[in-house]
1. Output the relative contact order of region 101-161, whole-number percent, from Cα pairs under 8 angstrom with separation of 6+ residues.
2. For region 136-148, what does the Karplus curve 6.51 cos²θ - 1.76 cosθ + 1.60, with θ = phi - 60°, yield as ³J(HN,Hα) per residue in whole Hz, taken in order and with x for Gly and Pro?
3. Could you tell me the calculated FRET efficiency between residue 141 and residue 81, based on Cβ-Cβ distance and R0 = 22 angstrom, to the nearest 0.05?
4. To the nearest 0.05, what FRET efficiency results for residue 94 and residue 59 with a Förster distance of 25 Å applied to their C-beta separation?
5. Could you derive backbone 3J(HN,Hα) for region 66-83 from the dihedral phi with the Karplus parameters 6.51, -1.76 and 1.60 (θ = phi - 60°), listing whole Hz in sequence and x where the residue is Gly or Pro?
6. Multiply the residue separation of residue 158 and residue 29 by 0.36 nm, subtract the distance between their alpha-carbon atoms, and state the gained length in nm to one decimal.
7. So how do 29, 67 line up by other beta-carbon neighbours within 10 Å, fewest first?
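Read the figures in this text as sums done on the coordinates, not as results from a lab. This one's a predicted model, so the numbers in the text were calculated from it and none came from an experiment. Positions of Cβ are backbone-derived with ideal geometry, glycine not excepted, and every protein chain shown enters the neighbour counts.
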Amino acid sequence: MNASYAPRQELQYGLLISRSFENLWLIRWQVLAYLLAVGLLGFAMPVFGNESTGLIGFLLYFAGQYWLFHALLKARGLLQTSRIRIFTFIGLAALLILPIILGLAVLLVPGLFLVARWIAAPAFIVARGQGAFAATDASADAVRGSTTRVAMAAVVLFLIMIAFSAVIEGIGKTLGSLDAFGTVDPFDLIEGHLLPLLLLGLSVAVYELAGRKDTMIEDVFG
């Protein structure tokens with residue numbers, strides 16, 4: 001039995017960026033709910049302490065990111081499994097964080113290369129229920145031949161994040177003079193989630209445009 005593959009679309013630099021923002025707009029209400037939860041966590045810090053809210057923040061980040069990936073892939077019609085692989089999702093982060101940080105710290109370019117190669121791995125986990133190692137291999141295969149363009153798109157999104165952060169920082173300073181904001185700074189937390197959100201949009205864009213939509217294994221063994 002032959003597997004059927006959708007034709008792979010060439011990864012164009014401009015298309016990756018525009019599709020990333022289209023993806024976030026498609027799930028804008030979920031994104032707003034996620035950021036609202038992050039902001040509320042900032043207000044809770046002085047009440048419950050940094051240690052308690054730190055654990056909550058860790059869980060919120062991964063559960064929220066998985067939820068957003070799931071919502072976006074479903075909205076795009078790309079969800080191929082009903083299995084929830086949240087622990088695999090967390091395991092992927094643990095697997096990739098060290099080599100990416102080392103690559104960015106040493107020469108920057110190796111880190112960007114790894115980010116580009118593995119950008120779609122979370123989408124492969126959520127969309128197909130793949131394991132962490134299989135997802136990284138699938139992502140690397142999807143961007144092969146377009147790694148530089150994906151890396152450039154990630155850099156542009158990083159620069160856009162810096163611009164957004166400047167606006168948010170200005171709002172935070174303005175509200176900082178109010179009594180309600182005297183002891184909390186929820187905008188710092190929100191600012192820290194901007195880049196992951198932008199990369200989420202890029203991850204699904206790469207998966208949609210370059211990931212092979214091969215469902216033969218799922219159809220037979222799923």
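1. Values: 51 pairs, mean separation 18.5, N = 61.
For region 101-161, the relative contact order is 30 percent.
2. 3J(HN,Hα) across region 136-148, in whole Hz: 5, 5, 5, 5, 4, 5, 5, 8, 4, x, 10, 4, 4.
3. Working: r = 19 Å, r/R0 = 0.87.
Efficiency at R0 = 22 Å is approximately 0.70.
4. Computed FRET efficiency for residue 94 and residue 59: 0.95.
5. 4, 4, 5, 4, 4, 5, 5, 4, 5, 5, 7, x, 10, 6, 10, 9, 9, 5
6. Details: separation 129, 0.36 × 129 = 46.44 nm, distance 2.24 nm.
Between residue 158 and residue 29, full extension yields an extra 44.2 nm.
7. On the way: 29 9, 67 16.
Fewest-to-most Cβ neighbours within 10 Å comes out as 29, 67.
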